[in-house]
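The values are calculated or read from the model by the stated rules, or taken from the named source; none is laboratory data. Keep in mind the model is a prediction, meaning the values are calculated, not measured. Cβ placement follows ideal geometry from the backbone for every residue including glycine, while neighbour counts extend to all protein chains displayed. Ligands, DNA and RNA are stripped out before the accessible areas are found, and what is left, the full protein with its side chains, is counted by its heavy atoms. Shrake-Rupley method; radii C 1.70, N 1.55, O 1.52, S 1.80 Å.
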Amino acid sequence: MTVRLPLPDGSTRAYTPRTEPLAPSGGTGPLTSRTVFSAAHVVADPYADTTPDYPAAVDWDATLAFRRHLWSHGLGVAEAMDTAQRGMGLDWTGAAELIRRSAAEAKAVGGRIACGVGTDQLTAPADLAGVRKAYEEQLSLVEETGSQAILMASRALAAAADGPDDYLDLYGHLLRQASEPVVLHWLGPMFDPALEGYWGSADLDAATETFLDVIAAHPDKVDGIKVSLLDARREVELRRRLPDGVRCYTGDDFHYPELIAGDEQGFSHALLGIFDPLAPLAAAAVRTLDTGDVAGFRAVLDPTVELSRHLFETPTRFYKTGVVLLAWLAGHQDHFTMVGGLHSARSLPHLARAYELADGLGLFPDPALAESRMRSLLTVHGVPQ
């Protein structure tokens, strides 16, 4: 049978879904050649009587079950990042509860976890002292859970800072008090427009120098950096300048196969939102890379880039909608609902194309279930089947 998929011009076309289920990932246990995190989404509670103006209602059972799915494939979980809708439906109270619950689950199953530390409890403009206090509160909570900290870029800091020195001072203060090495996160404005000019300059070359100065002053407190600028050349140049022992975790959802594979001068580890829907294929690819088979790694992961580029197309910050759609179609949750109402943030043709690309990759453990659910979504939106 075929599915009628909508096109942007108002027409439809027939698509024949695949029938074979997802191939197994080819192993269990830890990945050895790269450290790989998936930035995981949260599952909304569809029965909650709430609105985008109210605090998020989370289905904790389904949310934690999805993290167990990621750990089962050998991936680490990057918790409470922007994929979890920090600042886009999930407030700090919800994020704090997510961190506590996920950290406890990680301990119970032996999963690797790192958690986002930001300043999103600030609901009004703050001065630098207020920004620092907010960061400290979140850092303390993450460390209390036993999780690794990821110092995320802060909208409040971007608004309060007058230049590079403010970033050097504030990050230096946080790194000195961190009990364990952290991951520094540079999130570009394509993911969050409020972060334009981060590190004290809209000139990326100047911003890079400030970023490197922060790391150079505290290399023992920086496990690695996560770079989300969607600029492969800049990431390669940056990772070649890192101090020994400081890792680069790619956050580039456009160029991740080549960046993870690396070159004669090094490679990137991974902390990626796209590895939420791609977990089985990502794990299979890295296990192939673990054997030294770079060509085999690329053969598995390169075909996924078209889907990733589609999900992360402009406006990039709404990529979460496609991620959650695919989780629903894959059977990881029972509904296509998002906190903050963001299931409406992408068009129906965009979602239909996401389904087609994911189905073509064999991402769905049960293709018939995915087809049935996609058909129901299309029918609700008036697309004749």
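In the context of the full set of protein chains, residues of the chain present 40 Å² of accessible surface per residue (probe radius 1.4 Å, heavy atoms only).
The mean sequence distance of close C-alpha pairs (under 8 Å, at least 6 residues apart), as a share of the length of the stretch 98-187, puts its relative contact order at 33 percent. At 1.4 Å probe size, with the rest of the protein present, what percent of the exposed accessible area of the chain is carbon and sulfur atoms? Using a 1.4 Å probe with all protein chains present, the chain comes out at 51 percent carbon and sulfur.
Taken over the Cα atoms of the stretch 6-113, the convex hull encloses 183 Å³ per residue. Proximity of backbone amide H atoms, modeled 1.01 Å from N, is registered between Gly76 and Val36, Phe37, Ser38 at under 5 Å, excluding neighbours fewer than 5 places apart on the same chain.
For the stretch 97-136, the Cα-based Rg and Dmax, in that order, read 13.9, 41 Å.
Put simply, the convex hull of the Cα atoms in the stretch 119-192 casts, on average, a shadow of 5.0 nm². Note on the stretch 151-281: Rg/Rh from C-alpha atoms, Kirkwood Rh, equals 0.95.
Within the stretch 155-184, whose backbone N sits under 15 Å from a point 7 Å along Cα→Cβ of Asp220? Under 15 Å, as judged by backbone N against the label point of Asp220, lie 175-182 of the stretch 155-184.
For the peptides 215-222, 192-199, residues were scored by their other Cβ atoms within 10 Å and the scores averaged per peptide; the highest-first order is 192-199, 215-222. How big is the Kirkwood radius of the chain, worked out from every pair of different alpha carbons and given in Å to one decimal? Value: 21.2 Å, from the Cα pair sum. Modelled spin labels at Thr51 and Arg233, positioned 7 Å past Cα toward Cβ, are 4.8 nm from each other.
A Stokes-Einstein calculation at 37 °C with viscosity 0.692 mPa s, built on the Kirkwood radius of the stretch 237-356 over Cα pairs, returns a diffusion coefficient of 211 µm²/s.
When you restrict to C-alpha pairs under 8 Å that are six or more residues apart and normalise by the size of the chain, the relative contact order lands at 21 percent.
When the alpha carbon gyration tensor of the stretch 192-244 is reduced to an equivalent ellipsoid, its three semi-axes come out at 19, 13, 10 angstrom, largest first. Sequence-ordered 3J(HN,Hα) estimates for the stretch 319-328 from the Karplus curve with 6.51, -1.76 and 1.60 and θ = phi - 60° stand at 4, 4, 4, x, 4, 6, 3, 5, 5, 5 Hz, glycine and proline given as x. Angle of helix 367-380 to the longest C-alpha principal axis of the chain, folded into 0 to 90 degrees and rounded to 10: 90°. I want the antiparallel fraction of DSSP beta bridges within the chain, as a percent rounded to 5. The antiparallel proportion sits near 20 percent. Shape summary of the stretch 55-150, radius of gyration then Dmax from alpha carbon positions: 13.5, 43 Å. May I ask for the distance between the Cα centers of the stretch 108-171 and the stretch 295-312, given as a whole number of Å? Using only Cα atoms to place each centre, the spacing works out to 32 Å.
Hey, what did the stretch 221-320 get for relative contact order, percent, Cα under 8 Å, at least 6 apart?
Reported as a whole number, the value is 22 percent.
What's the angle, to the nearest 10 degrees (0 to 90), between helix 128-144's Cα axis and the longest principal axis of the chain? The helix 128-144 is inclined about 60 degrees to the chain. Against the chain, whose longest principal axis comes from its Cα atoms, helix 348-361 is set at around 90 degrees.
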